[in-house]
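In what follows, a single structure is set out as structure tokens and then discussed.
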Amino acid sequence: MTFPILVKLKGHDVLDTAHAASRVLDMMGVHNIHCTNGTYAYPAERTVPTTLAGFQFINDQVASPYDAFLVAVNSNYSMANIMAAKNASATEIAALESEDVRAAKIADALSSQFSSRPVVVLFYHEDTPTRLYEALAATNIHLASLHKWGYGTDPKAPRIEGANNFARVFGFPLPNDVKPVCHDITAQEDQTGVVTVVRLQEQKGAHGKPYISSAGKVQFTLPVGLQIYQDLSTLTLPQPANLPGMKP
């Protein structure tokens, strides 16, 4: 296979989208996918680090070498319904980015960081991705894992939608007090026994540090173009060469 591979798919409905994803992944010889979903309406400095940290954990601890990463993104139609449910102001609605802009924030970063894996982005028109995940589960794709930040992290937390379609489900407590966009309009559910809660502010990876800092910066190495999202104290800088006449 040739990498990096970034695929964005928009279907007429969830069945069309799921079947298109299944065909594309089958052509690439991919049978296992690791998923997350979201609106990605917050600024990149808030959404990109958590997205990278979540998938870095999956990359290190869960995924096999040839598995794909998949991100499901709320479409423009979905976001209109969500904003109405949240009683959003005209100013908030006007500031909302389009589905393509919201998706690009995280898709391009994932494709850069995980250049050895296919990254697939799907859009869904419903308020939640549950029907999309059900449609994907009905194909020949194995839904290996699902992870979410700020959902399913305690018995009173909003639930992780569509969790029953996945072999493994992870909930990551957020590194700050900012609630996800749909936090207040998602039903609470005790998913103990379904969701494995992992604090990525404490969980150390192969790089020897936690995946994300309390300030919301990742603590593993990123490509140069993404290092604005990295805790730069984690960088290992080369030692300066000895100048002429200096002792080593």
- Message: Considering only segment 152-163, I want to know if a residue exists there that is within 19 Å of Pro49 (Cα to Cα) and touching a His at 6+ places or on another chain (Cβ under 9 Å).
- Response: no
- Within segment 28-56, considering residues that are part of a loop (DSSP other than H, G, I, E, B) and not hydroxyl-bearing (Ser, Thr, Tyr), the one nearest to Pro223 (Cα to Cα): Pro43
- Item | Matching residues in segment 115-134 - criterion: being in a helix (DSSP H, G or I), surrounded by fewer than 20 Cβ atoms within 10 Å (Cβ to Cβ) and not β-branched (Val, Ile, Thr) | Arg131, Glu134
- Determine whether segment 171-194 contains at least one residue that is of a type in the set (A, V, I, L, M), outside any loop (DSSP other than H, G, I, E, B) and closer than 18 Å to Gln61 by Cβ. no
- Query: Can you pull out the residues in segment 135-145 that are over 15 Å from Phe55 (Cβ atoms) and either touching a residue at least 40 places away in the same chain (Cβ under 8 Å) or not in a helix (DSSP H, G or I) (or both)?
  - Reply: Ala135, Leu136, Ala138, Thr139, Asn140, Ile141, His142, Leu143
- Query: Which residues, taken from segment 15-46, are among the polar types (S, T, N, Q) and surrounded by fewer than 21 Cβ atoms within 10 Å (Cβ to Cβ)?
  - Reply: Ser22, Asn32, Thr39
- Query: Which one is farthest from the chain's Cα centre (by Cα) among residues in segment 57-107 that are in a helix (DSSP H, G or I) and of a type in the set (S, T, N, Q)?
  - Reply: Thr91
- Taking the options Ser98, Ser112, name whichever one is surrounded by fewer than 21 Cβ atoms within 10 Å (Cβ to Cβ), of a type outside the set (Val, Ile, Thr), at pLDDT 95 or above and under 27 Å from Thr221 (Cα atoms). Ser112
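The values are calculated or read from the model by the stated rules, or taken from the named source; none is laboratory data. Since the model is a prediction, treat every value here as computed from it, not as a measurement. In this analysis, Cβ positions are derived from the backbone assuming ideal geometry, glycine residues included, and neighbour counts consider all displayed protein chains.
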